[in-house]
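*Asks:* My structure is below; once you've seen it, I'll send some questions.
Nothing in this text is a laboratory measurement; each read-out follows from the coordinates by a stated rule. Everything numeric here is computed off the predicted structure, so don't read it as measured data. Here Cβ is always computed from backbone atoms with ideal geometry, including for glycine, and neighbour counts include all displayed protein chains.
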Amino acid sequence: MKIQAKAKIHSATNVSDGTIKDRARPKLLIFVVAFNAASTITDVLARVPPLICDEYEAELLIIDDASTDQTFERVRAQLQNESFPFPLTLLFNPQNQGYGGNQKIGYFYAIKNGFDFVALVHGDGQYAPECLPDLVRPLARGEADAVFGSRMMIPGAARAGGMPLYKFGGNKILTWFENLALGSSLTEFHSGYRVYSVAALKKIPFSLNTNNFHFDTEIIIQLQLARLRIVEIPIPTYYGDELCHVDGVKYAVNVTRAVLRARAQDFGLLYDARFDVLTESKGNAQYTPKLNYESTHSITLRKVPSQARVVDLGCAGGYMGVTLKERAQCRVVGVDFFPLAAGIKLDGFHQQDLNKGLPDLRWQDFDYVLLLDVIEHLSDPEAFVQLLRNKLERNPNVSLLVSTGNVAFFVTRLMLLFGQFNYGNKGILDRTHTRLFTFSTFRRLFEQNGFEVLETIGVPGPFAIAFGNGRLSRSLMAINKRLVALFRGVFSYQIYFVVRPRPSLDYLLAHAQDQSAVRFAA
């Protein structure tokens, strides 16, 4: 049911960067979620400040989520008897969608109808509609992608406003945990008073979120992961006689589970499409240098001597190659399916799909071949290693520095023990990996295709990526390195080999003939 009142709806023009052009006022959707709110809904609507129309093309949307009281009828009667300063759309869900499901419909409505901002208001009156202009303003000024009303910004205000002690304590504890886990600094994760930029909503998969009450937490996680800006504004706290539909213990468990799943995805332990939001990462852009802690990159930097001639297969933007050039004056040729990163220059570069072969190079001229975290991405590692062996058959002194993830890492073993084998965006179970290896199977891959393994190294976990390069990650790294020394196959996150091609029979025969000729001539 849609009622056109005093304000006139004009067409809107949205641009992809979220700015608003070709229109005097941004379009604002004031979205009221309602469930069994018959006793409060009319008062909430009356408290929406009409002056907001001076700054925005404002429209009200009310979605009654299959209420069993007279919520829908109360609003309908109010519309028939009163004049509203806004166009108002009243909808009724024939089946209850849940708190999160109801929000999804409203946000989709905002996207579909070309709004710039959408403000979430609760029909039970728990959040003051009078604060709407303050919450929308940071978005209109381009200072935020989402604005949250916080009851915790002013010390003592939440309790003075009637928030029960157990809810206050639970809110503070959960918010502390969420900030710690997500690296954020919000004063409150659990306010339902929010205004979103529609451009920001388009960037996150909110439609995949839960239909339950922890939808609000999941959307915060998505905003954080998408690196969108959140601004908090202090709001008054009000607790009246409205019925609370939230099971606090179940809510806390669901919130904790969502945060832990998001962090586990960061560590590459699982994959959850809800938290796969950084869609701007293309090609090999996610593969960045890891030089400031024990890693395959730092080990390689130690292994390759100065002025060596290097070919970097699967060079992933060229970061490792340019580091070798700058620090060790090496001559480096890169090979990758994607072009080099902007500003990276090597001595040579070949854009090549390694699944389709190797470029034509003077392979006998190289001292080192780098094959770092590449083998697991190939469709047929055995065929590739054999092809590489053929290319190097007349260069038996070349060294290959190769690495891959260790699928027998203790975390993966524990996950499998509990029935979990979850592919993700990175880590050992990266979704782009076609093959998985242990130390023994990785060794067999090379030894059975004409190579000799000269050195075997266990690489500890990338704690600096997970926790930052601080005291905690350094301590965990030190522990992991000790455990690797004791049980390499279990506690190594990655496998690192130094290998060398065995001389081919053709090479050995030619070498014997050459030496014989020298001896006969002596």
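*Asks:* Nothing charged except the Cβ atoms of Lys and Arg (+1) and of Asp and Glu (-1): what's the magnitude of the dipole of segment 160-236 about its Cα centre? Round to the nearest 20 debye.
*Replies:* Working: 7 positive and 5 negative charges, 41 e Å.
Roughly 200 debye for segment 160-236.
*Asks:* At R0 = 60 Å, how high is the FRET efficiency between residue 338 and residue 80 if r is their beta carbon distance? Nearest 0.05 is fine. Display every interim value, and only then the final one.
*Replies:* Working: r = 62 Å, r/R0 = 1.03.
That pair, residue 338 with residue 80, gives E of 0.45.
*Asks:* Give the long-range amide H neighbours of residue 399: residues separated by 5 or more places, or on another chain, with amide H under 5 Å away, using H modelled in the peptide plane at 1.01 Å from N.
*Replies:* Answer set, sorted by chain and number: 368, 369.
*Asks:* If contacts are Cα pairs under 8 angstrom and at least 6 residues apart, what is the relative contact order of segment 295-441 in percent? Present the calculation step by step, with values, prior to reporting the outcome.
*Replies:* Working: 229 pairs, mean separation 29.5, N = 147.
The value is 20 percent.
*Asks:* Here's another thing I want to ask about it. What length, rounded to one decimal in nm, is gained on full extension from residue 483 through to residue 507, with 0.36 nm per residue of separation minus their alpha-carbon distance?
*Replies:* 4.4 nm
*Asks:* If you don't mind, another one. Near the amide H of residue 349, under 5 Å away, which other amide H atoms are found, from residues 5 or more places off or on another chain, if H is placed in the peptide plane?
*Replies:* HN-HN under 5 Å from residue 349: 334.
*Asks:* With a 10 Å radius around each residue's Cβ, average the other Cβ atoms per peptide and rank 424-435, 120-131, highest first.
*Replies:* Answer by packing, highest mean first, reads 120-131, 424-435.
*Asks:* Quick check: Cα centre of segment 23-39 to Cα centre of segment 184-200, how many Å?
*Replies:* 16
*Asks:* Using modelled backbone amide H atoms (1.01 Å from N, in-plane), which distant-in-sequence or interchain residues come within less than 5 Å of residue 290's amide H?
*Replies:* Here 297 satisfy the definition.
*Asks:* Run the simple label-point estimate for residue 130 and residue 431 please: 7 Å along Cα→C-beta, distance reported in nm.
*Replies:* Here the modelled spin labels are 4.8 nm apart.
*Asks:* How large is ³J(HN,Hα), in whole Hz, for each residue of segment 207-215 in order, when computed from phi with the Karplus curve 6.51 cos²θ - 1.76 cosθ + 1.60 and θ = phi - 60°, using x for Gly and Pro?
*Replies:* Each residue of segment 207-215 in turn: 5, 8, 6, 4, 8, 8, 5, 7, 3 Hz.
*Asks:* Can you tell which of 117, 164, 127 lies farthest toward the positive end of the dipole of segment 100-185, using +1 and -1 charges on the Cβ of basic and acidic side chains (Lys, Arg; Asp, Glu)?
*Replies:* The residue sitting farthest along the positive end of the dipole is 164.
*Asks:* How would 344, 221, 63 line up from fewest to most surrounding beta-carbon atoms within 10 angstrom? Display every interim value, and only then the final one.
*Replies:* Values: 344 16, 221 28, 63 24.
Starting with the residue having the fewest Cβ neighbours, the order is 344, 63, 221.
*Asks:* Here is a further query. Taking the Cα atoms only, what angle lies between the long axis of helix 248-266 and the longest principal axis of the chain, rounded to 10 degrees?
*Replies:* 30
*Asks:* Now for a different question. Would you mind getting me the FRET efficiency between residue 456 and residue 179? Use the beta-carbon distance for r and R0 = 30 Å, nearest 0.05. Before the final figure, lay out the partial values.
*Replies:* Working: r = 41 Å, r/R0 = 1.38.
E(calc), rounded to 0.05, equals 0.15.
*Asks:* Follow-up question, since we're still on this one. Could you list the residues of segment 193-208 with an amide nitrogen less than 12 Å from a label point located 7 Å from the Cα of residue 166 in the Cα-to-C-beta direction?
*Replies:* The answer is none, because no backbone nitrogen lies closer than 12 Å to the label point.
*Asks:* Straight-line reach from residue 303: which aspartates and glutamates fall under 19 Å, measuring Cα to Cα and dropping same-chain residues less than 8 apart?
*Replies:* 294, 312, 326, 365, 367, 373, 452, 455
*Asks:* Where in segment 413-436 does the amide nitrogen come within less than 13 Å of the point 7 Å from the Cα of residue 490, taken along Cα to Cβ?
*Replies:* The answer is 413-414, whose backbone nitrogens lie closer than 13 Å to the label point.
*Asks:* Once you have the Cα-Cα distance between residue 515 and residue 208, take 0.36 nm times their residue separation minus that, and quote the gain in nm to one decimal. Write out the running numbers ahead of the final one.
*Replies:* Working: separation 307, 0.36 × 307 = 110.52 nm, distance 7.04 nm.
Stretched out fully, the residue 515 to residue 208 stretch lengthens by 103.5 nm.
*Asks:* Report the charge-dipole magnitude of the chain in Debye, nearest 20, computed about the Cα centre from +1 at each Lys and Arg Cβ and -1 at each Asp and Glu Cβ. It would help to have the intermediate numbers written out before the result.
*Replies:* Working: 56 positive and 50 negative charges, 271 e Å.
The dipole magnitude comes to about 1300 debye.
*Asks:* Sorting check: for 296-306, 187-197, 225-235, 501-511, which peptide has the highest mean count of neighbouring beta carbons within 10 Å, and how do the rest follow?
*Replies:* Numbers: 296-306: 16.3, 187-197: 23.1, 225-235: 17.8, 501-511: 14.5.
Ranking the peptides 296-306, 187-197, 225-235, 501-511 by packing returns 187-197, 225-235, 296-306, 501-511.
*Asks:* Placing +1 on the Cβ of each Lys and Arg and -1 on the Cβ of each Asp and Glu in the chain, which of 35, 505, 93 has its Cα farthest towards the positive end of the resulting dipole?
*Replies:* It is 505, whose Cα lies furthest towards the positive end.
*Asks:* Let me ask you something else. Give me the distance in nm between label points sitting 7 Å out from Cα along the Cα-to-Cβ direction at residue 263 and residue 51, one decimal.
*Replies:* Rounded to a tenth, the inter-label distance reads 4.4 nm.
*Asks:* Hey, what do the phi angles of segment 326-343 turn into as Karplus ³J(HN,Hα) couplings, whole Hz, using 6.51/-1.76/1.60 and θ = phi - 60°, x for Gly and Pro?
*Replies:* 3J(HN,Hα) across segment 326-343, in whole Hz: 6, 8, 10, 6, 7, 9, 10, 10, x, 9, 7, 5, 9, x, 5, 5, 4, x.
*Asks:* Distance in nm between label sites at residue 390 and residue 448, each 7 Å beyond Cα in the beta-carbon direction?
*Replies:* About 1.9 nm separates the two model spin labels.
*Asks:* Is there a pair in 104/172; 325/426; 112/172; 172/290 whose C-alpha atoms are over 31 Å apart, and which pairs would that be?
*Replies:* On the way: 104/172 27 Å; 325/426 27 Å; 112/172 36 Å; 172/290 36 Å.
Those over the limit are 112/172; 172/290.
*Asks:* Right, here's the next one. Restricting to Cα pairs below 8 Å that are 6+ residues apart, what does the relative contact order work out to for the chain? Please round to a whole percent. Don't skip to the answer; put the middle values down first.
*Replies:* On the way: 963 pairs, mean separation 55.3, N = 522.
Relative contact order for the chain comes out at 11 percent.
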